[in-house]
């Protein structure tokens with residue numbers, strides 16, 4: 001395995017989208033290329049939660065079925081959130097704030113999960129426990145895909 005790809009809700013939503021569009025097709029081709037290259041694609045628990053709650057709210061049964069099928073298609077694709085990961089995510093978040101890095105686009109954020117840096121902290125903390133020695137992990141959001149960062 002060359003690296004772990006942790007999908008954000010944007011790419012995960014596209015991968016599990018039942019309606020084909022150029023963006024959906026491009027994302028699926030990118031994912032196939034990554035898998036063919038030996039990457040392991042993972043779905044962090046916090047990202048699964050975010051996408052699942054939105055699909056439930058929108059009553060998108062087919063999207064829910066595709067999400068669950070994708071997560072279950074590979075053993076260990078679902079990256080559970082542990083107490084250790086939560087503690088490490090809190091440390092990563094605090095360090096980012098202490099260094100002056102914003103953790104949200106808005107000042108009054110109602111939940112920690114609403115910011116990309118916070119989701120990265122959770123995902124990074126989950127990924128750190130995956131292997132020893134560590135294998136590189138990339139948090140794949142729509143921005144990393146759009147700029148060819150993976």
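Can you pull out every residue in segment 1-38 that is outside any helix (DSSP H, G or I) and either touching a helix residue (DSSP H, G or I) at 6+ places or on another chain (Cβ under 7 Å) or at pLDDT below 90 (or both)? Spell out the reasoning first.
Within segment 1-38, the subset outside any helix (DSSP H, G or I) is 1-8, 16-21, 37-38.
Correct list: 1, 2, 3, 4, 5, 6, 7, 8, 16, 17, 18.
Anything in segment 67-95 that is surrounded by fewer than 17 Cβ atoms within 10 Å (Cβ to Cβ) and assigned to a helix (DSSP H, G or I)? List them, or say none.
68, 69, 72, 83, 84, 86, 87, 90, 91, 94, 95
Can you pull out every residue in segment 96-106 that is modelled with pLDDT of 85 or more and either assigned to a helix (DSSP H, G or I) or within 26 Å of residue 39 (Cα to Cα) (or both)?
Within segment 96-106, the subset modelled with pLDDT of 85 or more is 98-99.
Scanning segment 96-106 gives a single hit, 98.
Only one of (1) more than 15 Å from residue 14 (Cα to Cα); (2) touching a residue at least 24 places away in the same chain (Cβ under 8 Å); (3) over 17 Å from the mean Cα position of the chain (by Cα) fails for residue 40. Which number is that?
Looking at each condition in turn, residue 40 falls short on (3).
The values are calculated or read from the model by the stated rules, or taken from the named source; none is laboratory data. Note that the structure is a prediction, hence the values are computed from the model and not measured. Positions of Cβ are backbone-derived with ideal geometry, glycine not excepted, and every protein chain shown enters the neighbour counts.
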